[in-house]
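Please read the structure below before turning to the comments.
The values are calculated or read from the model by the stated rules, or taken from the named source; none is laboratory data. Quick caveat: nothing in here was measured; it's all calculated off a predicted structure. Here the Cβ positions follow ideal geometry from the backbone for every residue, glycine too, while neighbour counts run over all protein chains shown.
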Amino acid sequence: MKSRVKLLAAPYLAWLLIFTIVPLCVVVYFAFTDADGHVTLANLGAMRDYLPTFADSLLLAAISAAICLLIGYPTAYAITRAPASRQRFLILLIMLPMCMSFLLRTLALVALLEDQGILNNILSAVGLGRVTLIRRPAAVVAGMVYNYLPYMIMPLHSVLVKLDGKLIEAAQDLGCSRLRVLLRVILPLSVPGIISGVTMVFVPAVSTFYISKKLGGTSTAMIGDIIESQFKTSYNLNAGAAMSLVLMIIVFICMGIMNRFTGDSEVDLL
């Protein structure tokens, strides 16, 4: 029986080896070698020049994840309170933008925020004048929130929809107000969904490059932009691999810190 189970897992293990382990080994190899193939730590030492970019990327990704949580949590909770038939329709609306290309969604946001874009045309038409909405960090955050918000709502909804309504009724019977029920019952029980949503938003946001390039311009470069330039412009595979490795380690550390909070939460109604 065990041999059959291992046989069924063979395609997945082969896929994992070819498309995950092997590329990771290639990145590690280039990160610790120079152009001549000699082992060196110079590529990692050069990362000191890009520490501000790493910090900016982490900050913008954290801000985007926090905004997605603030928007996504009440949205997911409102969906779970709707009738079952309406829930399916609302989930479809949440997932519908994901059926469109990521590039098209970003370009649509550019058309909305650019200097001659839709919002500025509306502001100009009502006499408020044009404002700079693009080429700034806030525009990059808006782009990440717009693109990654469904990744926050879906895991939150999957957790909130499974909450036992009897626990909420019991808390209300014990005299808890709606706010206290939210803070003492619903919120602690939804921590796994919060951690999953934050992780699913933070990880792609911290390594994004297309959003920052289109919405942030040259003034808001993220580490993904630097890595892309190393491969496509400077043709420095070793430096690009070293940056990718450092970014990967940072992401793993952040995920490990967030996973520390995913334990079974005890509900305290007192």
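If you scan segment 196-250, which residues turn out to be among the hydroxyl-bearing types (S, T, Y), more than 15 Å from L59 (Cα to Cα) and surrounded by fewer than 20 Cβ atoms within 10 Å (Cβ to Cβ)? Reasoning before the result, please.
As a first pass, look at segment 196-250 and keep what is among the hydroxyl-bearing types (S, T, Y): 196, 199, 207-208, 210, 212, 218-220, 229, 233-235, 244.
Next cut, more than 15 Å from L59 (Cα to Cα) only: 196, 210, 218-219, 229, 233-235, 244.
Residues satisfying the conditions are Y210, T218, S219, S229, T233, S234, Y235.
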Failed item in (1) buried (at least 18 other Cβ atoms within 10 Å of the Cβ); (2) closer than 28 Å to Y210 by Cβ, with T132 passing the rest: (1)
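Any residue at all in segment 248-256 that's over 29 Å from T106 (Cβ atoms) and under 26 Å from the mean Cα position of the chain (by Cα)? Reasoning before the result, please.
So the first thing to find is which residues in segment 248-256 are over 29 Å from T106 (Cβ atoms), and the list is 256.
Then drop every residue that is not under 26 Å from the mean Cα position of the chain (by Cα), which leaves 256.
For segment 248-256, residues over 29 Å from T106 (Cβ atoms) and under 26 Å from the mean Cα position of the chain (by Cα): present.
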Looking only at residues that are surrounded by fewer than 17 Cβ atoms within 10 Å (Cβ to Cβ) and either aromatic (F, W, Y) or closer than 29 Å to A35 by Cβ (or both) in segment 251-262, which one is modelled with the lowest pLDDT? F261
Give, as residue ranges, the helices (runs of 4 or more DSSP H) completely inside segment 146-237 that count at least 3 residues that are closer than 30 Å to T80 by Cα and not small (G, A, S). 165-173, 178-181, 191-206
Residue list for segment 235-265, filter: over 16 Å from D49 (Cα atoms) and of a type in the set (S, T, Y): Y235, T262, S265
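Of V140, V131, which residue is under 17 Å from G216 (Cα atoms), in contact (Cβ under 8 Å) with a residue 60 or more places away in the chain and touching a Leu at 6+ places or on another chain (Cβ under 7 Å)? Steps first, please.
Working: V131 fails: in contact (Cβ under 8 Å) with a residue 60 or more places away in the chain.
Only one candidate qualifies: V140.
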Which condition from (1) touching an Asp or Glu at 6+ places or on another chain (Cβ under 9 Å); (2) hydroxyl-bearing (S, T, Y); (3) part of a helix (DSSP H, G or I) is the one that T132 breaks? (3)
Going by the structure shown, is L69 in contact (Cβ under 8 Å) with a residue 60 or more places away in the chain and in a helix (DSSP H, G or I)? yes
Of the residues in segment 155-170, how many are of a type outside the set (G, A, S) and in contact with a helix residue (DSSP H, G or I) (Cβ under 8 Å, 6 or more places away or on another chain)? 9
Say whether the condition of being surrounded by fewer than 11 Cβ atoms within 10 Å (Cβ to Cβ), among the hydrophobic types (A, V, I, L, M, F, W, C) and not in a helix (DSSP H, G or I) is met by at least one residue in segment 87-102. yes
Hits in segment 20-62 - residues which are assigned to a helix (DSSP H, G or I), more than 28 Å from V140 (Cβ to Cβ) and of a type in the set (S, T, Y): T20, Y29
